């Protein structure tokens, strides 16, 4: 298992390596395990990589979950899966209850139909027979109504229980998909959302992926320390969120990097949105109110590509990243839209080496 950081353009090869490693170690092919191996392979945490490699071919799911919880903060994943299992159990119980009720109603319906058919026939019935038939129907109706009332009560109770499970599941999922520092969506949520962009081909021409990166953020951290850097990250996140529509997807994808998925806008309109965000940060004061220390200026560079310019999520990300590279290398604090002229950089991978 390598500890070198994997270039973004080699995502396809990296995924193949991860799949091979998961299979060779006998690890269950479930999303949280792939996430763990992904973080280990990109080399963002050397201790994680070494500890995962040390398990060899004897890794248990419990050991993997423990490592993921300590290094990736994914302890909520297990809770989500348990909540999901509870929901499935409740649904199974409800389906069985509905099947029983359906069988009961079908039986009662047949009884009514047969009795009505006999009464409507030309055969002469004695008054006793008719009275007995009416008594039988009355009894059956009473039993069916009582059973129906019980079924309604049972279903209401099950519905309440299922509603509680759904609320728990939604809350756990929200926590698992939220970046703790900025309260934006995290990388896991971003990967899921990006993959869904290509589900609707008709919307691709008006859907854009915007990648944003804080300029010279390392210098800020080195000069003022990580606590100040964290506050600046949180502030930048709030400024981005405040300057896009409520329904626009915004995520912190790692470090000082952010992603915005804009839907329903032309390329020119996306440029206007990006510039509004950029100017809002450019003009914002980053100053300590007590000490008077000025942390600014804080600016961001943005690059974007329309989904119709790419064949799949991986290519869309790469092209938006290529546009971000051009924004960085042409002076920072600007927005660049991907165009076909950038293909040579995209193909040669030269855009992977820019410095933030």
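Rule-based calculations on the coordinates, nothing more; no lab input. Note that the structure is predicted; figures quoted are calculated from it, not measured. A quick note on method: Cβ atoms are made from the backbone with ideal geometry, for glycine too, and the neighbour counts reach across all protein chains shown.
With a point put 7 Å past each Cα toward its Cβ, work out how far residue 223 is from residue 293 in nm, to one decimal.
Calculated label separation equals 1.1 nm.
Students often check this: by mean Cβ neighbours within 10 Å, which of 285-293, 306-314 ranks highest, and how do the rest follow?
On the way: 285-293: 10.0, 306-314: 17.8.
Highest-to-lowest ranking by the protection proxy: 306-314, 285-293.
What ranking, highest mean first, results for peptides 184-190, 236-242 when packing means the other Cβ atoms within 10 Å averaged over each residue? Walk me through the intermediate numbers first.
Working: 184-190: 21.0, 236-242: 17.7.
Most protected by this proxy first, the peptides run 184-190, 236-242.
If you take the alpha carbon radius of gyration of segment 187-353 and divide it by 2.2 N^0.38 Å, what ratio comes out, to two decimals? Working shown, then result.
Numbers: Rg = 16.0 Å, N = 167, 2.2 N^0.38 = 15.4 Å.
Rounded to two decimals, the normalised Rg is 1.04.
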